[in-house]
Amino acid sequence: MSRISAVQQGHGTSEQDAAYDDEIARVGQVTNMKKAILHSLPAYRTYKGFYELQKAAKDLVGLRAFNVFAYAISTGSDCVLCATFFRRLLNEAGVEPKDFAPTEVETVLLKIGQSIGERRGKLTDDVWQELRQHFDEAGVVTLIGFAGTMVATNIFNTILEVDLDDYLEPFVVELEPA
């Protein structure tokens, strides 16, 4: 049970209602996380800025590798909501996170995501070397910047115990590192 109520359409301030409508126009729904974060419009705007970095990371590694990375970060951060969200996207793309053949780049991204939980975000020299084999400095900063925003999202959802959205229920699994 979420530790904070959900802002409902038509029951917030005019700015909250406008942000709610913007979410529906942008993605067709308002997730439970967004319903919680709408209590603070500065927080909502800050987290919404995450999407520019998310797009840059997707453009850099491709959609599947991006989802593998976000799933690994979320499992590494022990965030049930976010891990379930990305597990759903992977499953819908035909990927079972616990039983698939990752590409070379996905293997590096999995190691980074796992390091978030196991090593509190510190990367071993071997992982750094692998990362640098595949990405220039701008790519590294894009990926690590995205990872930081993903961790922030994970922390928000975990601390507030934001409820899973109903459509995620079939994808819930016990969290283990990816």
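Laboratory data are not the source of any read-out in this text; all were calculated from the coordinates shown. Just so it is clear, the model here is predicted, and its values are computed rather than measured. Note that each Cβ is placed from the backbone with ideal geometry, even for glycine, and that neighbours are counted across all protein chains shown.
Tabulated results
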item: Structure-based [θ]222 nm, the chain - -39500 (n - 2.57) summed over DSSP H runs of at least 4, per residue, nearest 500; result: -20500 deg cm²/dmol
item: Length released on extending from A101 to A152, taking residue separation times 0.36 nm less the Cα-Cα span; result: 15.5 nm
item: In nm, spacing of pseudo-spin labels at Y167 and E92 (7 Å Cα→C-beta vector); result: 0.6 nm
item: Neighbour-count ranking [beta-carbon atoms within 10 angstrom, fewest first] of I112, I37; result: I112, I37
item: Phi to ³J(HN,Hα) by Karplus 6.51 cos²θ - 1.76 cosθ + 1.60 over region 124-130, Hz, x for Gly, Pro; result: 5, 4, 4, 5, 4, 4, 4
item: Most fluctuating residue given options A19, A72, A57, as computed from a GNM of the chain linking Cα atoms under 10 Å; result: A19
item: The chain: relative contact order in percent, alpha carbon pairs under 8 Å with at least 6 residues between; result: 32 percent
item: Net charge contributed by nearby residues that have their C-beta within less than 14 Å of H134 (K/R +1, D/E -1); result: -4
item: Evaluated at q = 0.17 Å⁻¹: base-10 log I(q)/I(0), Debye formula over Cα of the chain; result: -1.09
